Amino acid sequence: VLLFGCSRLQIQKMLLDLQVEASKHGLKIHPDKTQILTNQHWFQTAALAATLQIGNEQVEVLPGDGFVKYRGRRFTFDESQQAELDSRIKSAWACFAKHKSELTKRCYP
């Protein structure tokens, strides 16, 4: 789930609402898989800016140059297109390296 909010309070309320609704169906928010990415300088420098309390869980607030990978796309506020391009190139090289022995065999014309 990708949520957008305008203030720290609004984000906290949305996550709390999500937590309440998920718990009705036996689900819960995984704190290691939940992160907040923001372009608001005041959000990052506020007290306890590294985390946000949602019920009894702490949710990580990423730094301004941080990123989140969501559905294969890299979201960031710092040079987003270059970061996405670098991420895709890195993924392509990883895929090539995984199949390198097969792709570089001399037995194929």
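On a straight-distance basis, which lysines could pair with residue 24 in a cross-link, Cα separation under 23 angstrom, same-chain partners fewer than 8 positions away excluded?
Partners found: 13, 33.
For residue 57, tell me the accessible area in Å² from a 1.4 Å probe, rounded to the nearest 10.
Its accessible surface works out to 50 Å², give or take rounding.
Using only protein heavy atoms and a 1.4 Å probe, report how much of residue 23 is accessible, in Å² to the nearest 10.
70
Give the separation of the Cα centroids, region 81-109 to region 1-23, in Å.
38
Between residue 4 and residue 30, 0.36 nm times their residue separation minus their Cα-Cα distance comes to what?
So the chain would gain 7.5 nm between residue 4 and residue 30.
The values are calculated or read from the model by the stated rules, or taken from the named source; none is laboratory data. Not measured: the values here are computed from a predicted model. Just so you know, the surface numbers come from the protein's heavy atoms only, side chains and all, with ligands and any DNA or RNA stripped out. Shrake-Rupley method; radii C 1.70, N 1.55, O 1.52, S 1.80 Å.
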